[in-house]
1. Restricting attention to the stretch 117-154, which chymotrypsin sites (Phe, Trp or Tyr not before Pro) occupy a DSSP loop and are surrounded by at most 10 other Cβ atoms within 10 Å?
2. Run the paramagnetic zone check for A132: 7 angstrom along Cα to Cβ, then residues of the stretch 29-70 with backbone nitrogen under 15 Å.
3. May I ask you to list the GluC sites (Glu not before Pro) in the stretch 90-193 that are in a DSSP loop and have at most 12 other Cβ atoms within 10 Å of their Cβ?
4. Hey, how many Å between the Cα centroid of the stretch 143-163 and the Cα centroid of the stretch 1-65?
5. Let me have the relative contact order for the stretch 2-42, percent, based on Cα pairs under 8 Å that are six or more residues apart.
6. Give the long-range amide H neighbours of V22: residues separated by 5 or more places, or on another chain, with amide H under 5 Å away, using H modelled in the peptide plane at 1.01 Å from N.
7. What number comes out for the charge environment of V138, summing +1 per Lys or Arg and -1 per Asp or Glu over other residues with Cβ under 14 Å away?
8. Using a 1.4 Å probe over the heavy atoms of the protein chains, calculate the carbon and sulfur portion of the accessible area of the chain as a whole percent.
Amino acid sequence: RVNLLTNPSGEGAAGTAGWGTVLGGTVGTTSQYQQFGAWSGSIAPDSSLTAGAYLGTWTAGNGTAYTVSAYAKLPAGRNYIIGVSDTSDVLTASAAAPGGGTWHRYSVSYTEASGANRRVTMRKDSSSNTDAFYVDGVMVEVGSLTTYIDGDREGCTWIGAAHQSQSLRSGQSRAGGSVVALEDLGFKPEEEI
């Protein structure tokens with residue numbers, strides 16, 4: 001599998017290169033909160049009801065099925081969305097991302113209908129709050145959701161320069177893969193008393 005984003009985590013000299021604001025606010029990096037590595041993206045939206053950030057751009061192929069995902073630490077009790085937009089920030093696909101105050105992975109899957117440059121977005125869902133939130137481990141992959149791919153992770157490599165190119169997880173690696181519920185494999189976890 002390949003992570004199609006070239007800067008998925010706000011790490012290294014790249015920081016948030018290729019990231020930007022949606023409707024206003026600021027985008028930066030922080031070492032205070034992170035899911036992977038030492039840094040993550042820090043987004044401080046303005047009071048616009050759907051302000052937030054785009055977290056990378058890729059060229060989508062017509063008729064191709066994609067899954068977009070990101071780990072985010074969103075303020076508890078606040079509602080956000082993870083989405084796919086065009087470069088004018090018009091949404092093509094989205095899913096709810098309710099804030100819980102801890103790191104959580106959010107995702108949305110869609111099939112590209114036209115073939116265009118697309119962005120991963122994380123933004124507020126009709127709220128004027130200006131609470132900061134944090135994003136790490138952003139991924140765009142062809143097909144269904146798998147574990148996060150980043151050239152710094154076990155079993156993965158950068159296709160080009162670190163934090164400035166796509167990442168690849170070898171099919172030979174056992175360090176990641178499809179996310180499957182134990183129940184779907186016939187296992188019935190027992191409740192411990």
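1. For chymotrypsin sites (Phe, Trp or Tyr not before Pro) across the stretch 117-154 that sit outside H, G, I, E and B with at most 10 neighbouring Cβ atoms in 10 Å, the list is empty.
2. Hits in the stretch 29-70 for A132 at 15 Å: 29-35, 39-46.
3. Passing sites in the stretch 90-193 are E154, E190, E191, E192.
4. 16
5. 36
6. So V22 has HN proximity to G52, A53, Y54.
7. +1
8. That fraction is 47 percent.
The values are calculated or read from the model by the stated rules, or taken from the named source; none is laboratory data. What you are looking at is a predicted structure, and each value in this text was computed from that prediction instead of being measured. Ideal geometry is used to build each Cβ from the backbone, glycine not excepted, and the neighbour counts take in all protein chains shown. Heavy atoms of the whole protein, side chains included, go into the accessibility calculation; ligands, DNA and RNA do not. Shrake-Rupley method; radii C 1.70, N 1.55, O 1.52, S 1.80 Å.
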